Amino acid sequence: MPRDNLYSVMEAAKKIRVSKQTIHDAIAAKRLKATKHNIKATIVKKMRVTMIAESDLKAFQKTISKSHQERAKKSELAGQTESS
């Protein structure tokens, strides 16, 4: 059985075109399943990172409206314009 790809909160948000806050809110409300993973940040230090399986992300994506995704996309484009 193939394993799901895992996405960080930022990667997941970009993939389905919503804000990071939307992803965090969905995790907190238990509408999106996420797991904590330990990763090595340096030789000495470890970090706990929230990761989301691709299948869980696809299931969540079906529950959000197209208008929500469009608002996030416009917001993202506006942010790029301001930083240019």
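Once the Cα-Cα distance is subtracted from the 0.36 nm per residue extended length, the A29 to K62 segment shows a gain of 10.3 nm.
By other beta-carbon atoms within 10 Å, ranking H37, H24 with the fewest at the front produces H37, H24.
Taken together, the values in this text are just the output of simple stated rules run on the coordinates, not laboratory data. Predicted model, so just to flag it, every value in this text is computed and none were measured. FYI the Cβ positions are ideal-geometry reconstructions off the backbone, even for glycines, and counts take in every protein chain you see.
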